[in-house]
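Have a look at the structure below before the remarks.
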């Protein structure tokens with residue numbers, strides 16, 4: 001057997017990716033010409049395989065004519081055996097030809113060139129394995145993204161279906177994909193049961209399905225089998241580079257993988273407790289596998305996310321983010337996530353603008369469909385005054401991730417800082433349709449209303465953002481808007497609360513400056529911005545584009561601060 005395995009998935013994987021044992025190693029008596037014929041029949045590139053049954057027949061006839069040892073074998077065959085041999089040759093040639101034709105028809109006709117991995121359902125609603133439903137969804141999405149000529153919807157785009165009883169066809173139509181993968185997970189004692197089905201959206205038909213009953217420690221192997229089965233069903237295979245990137249992204253330690261999934265799960269809760277747990281789980285994954293590049297990228301992400309928005313000061317969190325991002329790149333410099341995190345560190349903490357652009361562009365080069373990289377590059381370009389290019393990158397992020405609330409909110413923020421308020425309002429309304437309680441979208445919608453002169457609408461949205469968030473930023477923006485609206489007592493109360501909060505956990509002085517500007521206290525605003533510089537607050541990157549700071553632009557102290565940060569003036 002040229003390709004072997006303990007399951008159909010392993011055998012299909014071997015057919016796609018491995019080279020058979022040379023025939024002469026199996027039987028040294030076989031003529032080299034026979035090995036050449038077999039190798040050509042097993043060639044993975046269909047353009048190099050036999051194109052016609054007659055080609056194989058001609059080679060076999062030439063072999064029996066010209067090779068003494070093979071002619072001896074041939075003459076010893078009975079006539080029925082010769083007929084079988086000839087039929088086998090004709091059948092193989094016809095099969096290869098038919099396979100080539102069917103692949104061409106599929107790719108030129110109703111090809112499946114886009115897919116969404118819908119959130120796996122935690123059947124028993126078991127909180128102990130909830131992280132698995134999210135983690136498996138994300139891991140399969142990342143792995144399938146490595147298949148050539150296949151568009152895969154991001155994890156953020158499918159989150160809206162989490163916790164729902166999913167209609168595969170309806171979801172596929174909403175996501176505008178040809179196929180969807182749906183799955184269910186349940187743990188029974190020490191066994192993990194995963195049921196998956198690949199559905200053709202247009203036909204609402206079953207393409208492939210499988211149920212796996214394994215130990216939780218086999219989760220990585222199960223996912224690899226699923227990806228290989230899907231690649232076979234879709235007629236696509238990984239490139240050599242894709243295989244290498246997948247191998248680098250992963251770990252051979254099942255327990256480390258479990259910790260990585262838990263780290264991602266808790267980080268995405270965006271709470272103080274979630275951030276702490278995320279950091280702890282990523283560290284545990286790295287302890288078990290010190291070469292796990294993706295775990296280092298996850299650690300960089302959680303540390304940079306904790307900076308400014310949550311409870312860690314930039315000087316507490318960002319050096320850790322820097323170290324983790326550098327280690328991830330040291331282990332795997334082809335990891336788009338690691339380049340993105342390094343780029344974010346460069347512009348939000350180092351104020352190294354050229355270094356940031358280099359990393360952000362590299363992230364996009366490695367994965368042109370990486371929506372996060374496009375949205376952050378758009379953010380960077382707008383900060384640099386390259387507004388038109390920044391808007392284009394932001395729109396590209398929306399094209400890639402049209403149903404992601406996180407992408408929509410960040411892109412809406414980009415449009416706001418580009419002073420494209422109508423575009424921001426439209427984008428943020430669509431984002432809130434997807435996620436009504438997403439505070440970032442509500443906050444920037446309120447800020448955009450304020451710029452348009454709708455102070456009532458601004459206060460409504462900022463109240464909503466402040467009520468649904470545990471971070472200080474939306475409260476500060478509410479304080480600013482209240483002051484501008486004439487509610488100075490309310491603004492002062494918010495300012496006092498944030499000052500008290502800063503005694504317990506980090507509050508960016510930039511947020512305090514925004515309230516002082518609303519109250520008309522220019523001196524305190526400038527002093528707060530100077531403190532934000534000492535803290536290396538990420539929010540300082542908005543100095544030149546934040547419309548709330550327009551009244552400070554002519555002050556030499558403000559101009560000096562912009563110069564020190566390195567922003568274009």
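Just so it is clear, none of the values below were taken in a lab; they were calculated from the coordinates. Given the structure is predicted, the values throughout are model-derived calculations rather than measurements. Glycine also receives a Cβ, built like all others from the backbone with ideal geometry; neighbour counts cover every protein chain displayed.
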message: Helix 293-306 against the longest principal axis of the chain: what's the angle in degrees, Cα atoms only, rounded to the nearest 10?
response: 20
query: residue 213 to residue 54: FRET efficiency via 1/(1 + (r/R0)^6), r the Cβ-Cβ distance, R0 56 Å, to the nearest 0.05?
result: 0.75
message: Over the Cα atoms of segment 114-234, what radius of gyration and what Dmax do you get, in Å?
response: 13.4, 40
- request: Before rounding to the nearest 500, sum -39500 (n - 2.57) across all DSSP H runs of length at least 4 in the chain and divide by the residue total; then give [θ] at 222 nm in deg cm²/dmol.
  value: -20000 deg cm²/dmol
message: If you fit an axis through the alpha-carbon atoms of helix 272-288 and take the longest principal axis of the Cα set of the chain, what angle between them do you get, 0 to 90°, nearest 10?
response: 40
message: Could you tell me how far the Cα centroid of segment 530-569 sits from the Cα centroid of segment 262-307, in Å?
response: 31
FRET E, pair residue 500, residue 523, Förster distance 22 Å, beta-carbon r, rounded to 0.05: 0.50
- prompt: Direction-averaged shadow area of the convex hull around the Cα atoms of segment 524-569, nm²?
  reply: 2.9
- prompt: Taking the Cα atoms only, what angle lies between the long axis of helix 421-434 and the longest principal axis of the chain, rounded to 10 degrees?
  reply: 60
- prompt: What length, rounded to one decimal in nm, is gained on full extension from residue 272 through to residue 350, with 0.36 nm per residue of separation minus their alpha-carbon distance?
  reply: 25.6 nm
query: Taking neighbour Cβ counts within 10 Å as the exposure measure, how do 155, 184 sort from fewest upward?
result: 184, 155
- line: Going fewest to most other Cβ atoms within 10 Å around each Cβ, 277, 203 line up as 203, 277
Rg over Rh, two decimals, the chain (C-alpha only, Kirkwood Rh): 1.09
